[in-house]
Every structure is written in structure tokens, then in C-alpha cells.
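Since the structure comes first, as C-alpha cells, the remarks are kept for the end.
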Amino acid sequence: MSVFELLLPAFAAGLVLTGMLSYLGLHVVERGVIFVDLSLAQIAALGATVAALFHHDIHSRAAYFYSLGFTFLGAAIFAFSRVHRKTRIPQEAIIGIAYAVAAAAAILAMSKVSGETEHLKEMLVGNILSVSWSEIAKTAALYAAIGALHWFLRKKFLLISLDEAAAERQGISIRFWDFLFYVTFGFVVTSSVPIAGVLLVFSYLIVPAVSAMLFTNRIGPRLAIGWSMGAIVTALAVYLSYAFDLPTGATIVTTLGAALVLLAGVRGLMHRPA
């Protein structure tokens with residue numbers, strides 16, 4: 001197998017992840033729920049752990065649906081907590097509590113499961129370099145379906161993310177549309193984390209969106225910048241991981257961070273007084 005054949009699936013997987021997560025990242029950053037991805041990922045891991053308790057293989061379809069069901073529960077919690085934004089309890093506090101409780105519950109469940117701990121670790125860490133073309137195809141098809149749904153419902157999703165007060169004045173049910181948003185987000189997280197791991201999924205979600213916000217407030221240009229950055233960084237990082245024998249996921253995350261610092265410096269130079 002040539003170097004190109006070895007690295008191409010990881011690069012393709014990175015492009016698929018960037019395409020969906022950069023878009024969702026725009027919503028997440030605007031809503032101020034930065035760590036919702038980590039929380040939903042941990043809730044999904046709890047679902048897989050519960051599946052293992054009932055003697056299902058961690059990679060089975062049953063375990064996937066357990067994880068999906070738990071993320072739907074998380075979606076309901078986060079959608080309901082949105083109505084408390086005007087109170088003294090920020091939604092990020094609810095998200096943090098959900099993460100901590102899910103992590104503790106997963107630890108308790110794992111203490112009763114033998115032989116599955118390493119598989120659960122793989123689910124959270126991921127290994128994008130070993131992803132198969134069939135996994136990429138299935139993930140791309142799922143993302144395409146979710147992307148199409150978001151396109152048809154974009155006006156309400158974007159209005160709630162960008163101007164919640166205006167959405168309320170129009171009589172839009174914030175709780176219902178938030179639940180639908182987090183359900184679709186749950187599908188993405190449940191499918192992405194086994195491929196790339198929590199850290200890389202979180203980075204693809206946040207870093208391109210933040211990078212784009214440095215240069216524009218318009219949604220279209222933000223997406224273009226985020227997608228371009230994700231594609232370029234993924235290609236560079238996958239090559240660097242091979243050239244220097246480094247973990248691919250960690251290399252992509254680090255390179256994304258370095259690219260963000262570089263872009264912040266470029267923006268600073270662009271806006272420096274003459």
C-alpha cells in the first residue's frame with residue numbers, strides 16, 4: 001500500500017467531519033453552548049456502556065441505538081434548559097452537570113462490565129487513520145441527510161441561534177426547535193466520535209467556526225472559511241502525522257490550534273492602525 005492510499009481515507013474522513021461540524025459549530029458558538037459536544041459525547045458513551053451491561057457488543061447496532069437513545073435524552077435536557085437563559089442559571093452549567101453525571105455513571109457501569117473498557121476508550125479516543133471507506137460512506141450519507149434537513153429548516157434554526165428574542169416575538173417554540181436541533185446534533189456526535197474521538201470532533205466543531213468569526217459576521221463566508229481551513233489543515237496534519245510518526249488525531253487538533261493562532265495574528269495585522 002502506498003503512502004497516498006494509506007492516508008487518503010483519513011483525509012476523506014476529515015473532510016466529511018469538517019463539512020458537517022463546521023456548520024454546527026456556527027450554531028454552537030452563537031448559542032454559547034461551547035461544551036455541548038463533549039457532554040453529548042459522554043452521554044453517548046454512557047449509552048454504549050449500558051448496552052455492554054446487557055451483553056451487547058460495543059460495536060453492534062444495538063449499542064449504537066443505546067447511544068442514540070441516551071443522546072436523545074440529553075437533547076431533551078438541553079432543549080428544556082434553554083428556557084432558563086434569563087435566570088441566574090446559565091445553560092453551560094446544565095451542560096457541565098450533565099457531562100459530570102454521565103461520566104460518573106459510565107464509570108459505575110464500567111465497573112460491572114468485564115472486557116469492554118478498552119473498547120469504550122477507543123470510542124472516546126478514536127482512530128481516524130484506521131477508518132474504512134464503508135464507514136466514511138455511511139457517515140457522509142447520514143451527514144447529507146442531516147444537512148438537507150437543516151437547509152430546509154435553516155431560517156428557524158439560524159434565527160434561534162442568532163436572535164432568540166426575535167424568534168420568541170414571532171411565536172416560535174424555542175423548546176421544540178432546540179430539541180430538534182440537539183437530536184440532529186446527537187446523530188452527528190454518535191456517528192463521529194467512534195471515528196475521530198471526542199477531542200478531534202470538538203476541535204472540528206469549534207476551531208473552524210471561531211476562525212471564521214475573526215473575519216466576517218455573515219453565515220455564507222463563515223462556512224466558506226471554516227470549510228477551507230478544515231480541509232487545508234486536515235491535509236497538512238495527516239501528512240505531518242505520517243512524516244513524523246505522530247498520532248493522527250492529536251496532530252490534527254494541534255495543527256488546528258496553530259492555524260487559529262496564525263489566523264488571529266493575520267487579523268490583528270489587518271486591523272492594526274497605520
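Take segment 239-258 and flag every residue that is in a helix (DSSP H, G or I) and either over 19 Å from the mean Cα position of the chain (by Cα) or at pLDDT below 90 (or both).
At the first step, the residues of segment 239-258 found to be in a helix (DSSP H, G or I) are 239-243, 248-258.
Matches in segment 239-258: Tyr239, Leu240, Ser241, Tyr242, Ala243, Thr248, Gly249, Ala250, Ala258.
Can you find even one residue in segment 35-42 that is loosely packed, with under 15 Cβ neighbours inside 10 Å and charged (D, E, K, R)?
Taking segment 35-42 and keeping what is loosely packed, with under 15 Cβ neighbours inside 10 Å, we get none.
No; the residues of segment 35-42 include none that is loosely packed, with under 15 Cβ neighbours inside 10 Å and charged (D, E, K, R).
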Task: Selection count where residues are surrounded by fewer than 15 Cβ atoms within 10 Å (Cβ to Cβ) and either over 19 Å from Gly230 (Cα atoms) or within 18 Å of the chain's Cα centre (by Cα) (or both), scope segment 259-274 - done: 7
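Please work out if Ser211 is at pLDDT below 90, touching a Leu at 6+ places or on another chain (Cβ under 7 Å) and assigned to a helix (DSSP H, G or I).
Details: at pLDDT below 90: no; touching a Leu at 6+ places or on another chain (Cβ under 7 Å): yes; assigned to a helix (DSSP H, G or I): yes.
For Ser211, the condition - at pLDDT below 90, touching a Leu at 6+ places or on another chain (Cβ under 7 Å) and assigned to a helix (DSSP H, G or I) - is not met.
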Open item on the list: When you check Tyr64 against the structure, is it among the hydroxyl-bearing types (Ser, Thr, Tyr), in contact with a helix residue (DSSP H, G or I) (Cβ under 8 Å, 6 or more places away or on another chain), surrounded by fewer than 21 Cβ atoms within 10 Å (Cβ to Cβ) and assigned to a helix (DSSP H, G or I), yes or no?
Closed with: yes
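Please list, ordered by residue number, the helices (runs of 4 or more DSSP H) wholly in segment 142-198 having 2 or more residues that are of a type outside the set (Asp, Glu) and either crowded, with 16+ Cβ neighbours inside 10 Å or in contact with a strand residue (DSSP E or B) (Cβ under 6 Å, 6 or more places away or on another chain) (or both). Full working, then the answer.
On the way: elements: 154-162, 164-169, 174-196.
Hits in segment 142-198: 154-162, 174-196.
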Open item on the list: The conditions are (1) surrounded by 16 or more Cβ atoms within 10 Å (Cβ to Cβ); (2) under 19 Å from Ala41 (Cβ atoms); (3) not small (Gly, Ala, Ser), and Lys138 fails exactly one of them. Which is it?
Closed with: (1)
Task: Single unsatisfied condition, His27 versus (1) farther than 21 Å from Leu142 by Cβ; (2) of a type outside the set (Phe, Trp, Tyr); (3) crowded, with 20+ Cβ neighbours inside 10 Å; (4) in contact (Cβ under 8 Å) with a residue 60 or more places away in the chain - done: (1)
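Given Ser192, Ser228, Ser211, Ser203, which one is among the polar types (S, T, N, Q), farther than 27 Å from Ala48 by Cβ and in contact (Cβ under 8 Å) with a residue 40 or more places away in the chain?
Details: Ser192 fails: farther than 27 Å from Ala48 by Cβ; Ser228 fails: in contact (Cβ under 8 Å) with a residue 40 or more places away in the chain; Ser203 fails: farther than 27 Å from Ala48 by Cβ.
Within the list Ser192, Ser228, Ser211, Ser203, the selection yields Ser211.
For (1) more than 18 Å from Phe70 (Cβ to Cβ); (2) out of contact with any Cys (no Cβ under 7 Å at 6 or more places or on another chain); (3) free of Cβ contacts under 8 Å to residues at least 40 places away in the same chain; (4) not aliphatic (A, V, I, L, M), each residue gets a yes or a no:
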{"site": "Tyr143", "(1), (2), (3), (4)": "yes, yes, no, yes"}
{"site": "Ile146", "(1), (2), (3), (4)": "yes, yes, no, no"}
{"site": "Phe152", "(1), (2), (3), (4)": "yes, yes, yes, yes"}
{"site": "Lys155", "(1), (2), (3), (4)": "yes, yes, yes, yes"}
{"site": "Ser161", "(1), (2), (3), (4)": "yes, yes, no, yes"}
{"site": "Glu164", "(1), (2), (3), (4)": "yes, yes, no, yes"}
{"site": "Arg169", "(1), (2), (3), (4)": "yes, yes, yes, yes"}
{"site": "Ser173", "(1), (2), (3), (4)": "yes, yes, yes, yes"}
{"site": "Phe181", "(1), (2), (3), (4)": "no, yes, no, yes"}
Open item on the list: With the requirement that a residue be of a type in the set (Ser, Thr, Tyr), free of Cβ contacts under 8 Å to residues at least 60 places away in the same chain and touching a Ser or Thr at 6+ places or on another chain (Cβ under 8 Å), what does segment 234-261 give you?
Closed with: Thr251
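The values are calculated or read from the model by the stated rules, or taken from the named source; none is laboratory data. Given the structure is predicted, the values throughout are model-derived calculations rather than measurements. Positions of Cβ are generated from backbone atoms using ideal geometry, with glycine treated the same way; all protein chains shown enter the neighbour counts.
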